[in-house]
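Colleague: For reference, the structure I am asking about is given below.
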Amino acid sequence: MPRDPMLTFGQEQGMFLYNVTRKWFTLGSVFTGPVLLLINAPFGRFSPKSDSIFLVDGITSWIIMELASPIAFLACFFSSPISYYRPDLPELATPQTLLVALFLIHYANRALICPLRTPSRSKSHLIVPLCAIFFNIINGSLMGSFLSSPYARIFLNSSLTYERPSFYIGLALWAIGFAGNIAHDEILLDIRRKANAKGKGKEPQPTVDGKPGRVEEYYAIPQGLLYRFVSYPNYLCEWVEWLGFALAAAPFPVEFTFSTLVSLFSWETWASIIQEPSHVFVPNLVPPYIFLLSEVLLMLPRAYKGHLWYKQKFGDRYPKERKAVVPFIL
């Protein structure tokens, strides 16, 4: 959001920090995405093959790192750091509180319900939850600050919002994506449950440098629903979910033209973006769309690498028609 000349000193500092965080959080995802095509994040199926003091429990670390987002979100939503004054809590039946509820419902499932229902999960290198905590604190803070801001309160004015088709389209997409995410996660959980019930929930790995390989989680080829078309439908559904949230929470930020896209391949363009003041960095690119963009940039490489892993592990048994994350395309 652009700077307001009428802000108090405290609010000016809050707005400055908000814009700096908004800019570099976005650029951080843009720069990190390509790197993830070159390396495997050391968790899940790519967890290190040998034991290390830096390996942590998969379920516990997942819960801790995901809880960081709603905690930061609520702290910033209630403190409203980029408002002129701390606003009264919104009434229950408002678009603003509905969106807050949707955000918290997502993380209640992601941070608590799903991991606590998981029979087992591969260990993770400590660097993964630490990076995720950093990401989630920043993202939760930006989202909470935005939804409590004057800009969001004006845009989500009840009398206008309930007449806006994009609000209902957004809610529908959120619900579809959320349900799809749960359904496809359940397919993965069921694979692990059945494997544990049959006594083959763990697989011994080959030796590494003459040392016995660590026992790892059992993997099978997921079947059903969108797994017919892609290896990572849960990622696709999460993108749909947050696209819906963004459409309901804020206007679409920018209109890209062909010349704009071409300019992004120029070093001069990126030098200008990096050097420009934070408050003029795509002023209408607000946190709901930043989160969506970041998710796509960071999860797409993981989906591609994971898709290659499935094909390598299962060979000719893996369905050749499956794509990584977008049916028929990618």
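Every read-out reported here was derived from the displayed coordinates using simple, explicitly stated rules and does not represent laboratory data. Everything numeric here is computed off the predicted structure, so don't read it as measured data. Glycine gets a Cβ as well: all are built from the backbone with ideal geometry, and neighbour counts include every protein chain shown.
Colleague: For V230, which sequence-distant residues (separation of 5 or more, or a different chain) have an amide H within less than 5 Å of its own amide H, given hydrogens modelled in the peptide plane?
Modeller: Distant-sequence amide H within range of V230: K323.
Colleague: Please list 59-71, 159-171, 267-279, 177-189 highest first by mean number of surrounding beta-carbon atoms within 10 Å per residue.
Modeller: 59-71, 177-189, 159-171, 267-279
Colleague: From the backbone phi of segment 56-73, what are the Karplus-calculated ³J(HN,Hα) couplings (6.51 cos²θ - 1.76 cosθ + 1.60, θ = phi - 60°) in whole Hz, Gly and Pro given as x?
Modeller: For segment 56-73, the Karplus curve yields 10, 4, x, 6, 4, 5, 5, 4, 4, 5, 7, 5, 4, 5, x, 5, 5, 4 Hz.
Colleague: Determine, for each peptide in 282-289, 312-319, the mean count of other beta carbons within 10 angstrom over its residues, then list the peptides with the highest first.
Modeller: The packing order, highest mean first, is 282-289, 312-319.
Colleague: Now a separate question. Exceeding 32 Å between C-alpha atoms, which entries from my cross-link table qualify? They are K23/K320; K123/K311; K23/K313. Display every interim value, and only then the final one.
Modeller: On the way: K23/K320 40 Å; K123/K311 22 Å; K23/K313 40 Å.
Among K23/K320; K123/K311; K23/K313, the Cα-Cα distance tops 32 Å for K23/K320; K23/K313.
Colleague: Continuing with the same structure: Once a ≥ b ≥ c are taken as the square roots of the eigenvalues of the Cα gyration tensor of segment 141-186, is the result rounded (a/c under 1.5), prolate (a/b larger than b/c) or oblate (a/b not larger than b/c)?
Modeller: Oblate, since a/c reaches 1.5 and b/c is not below a/b.
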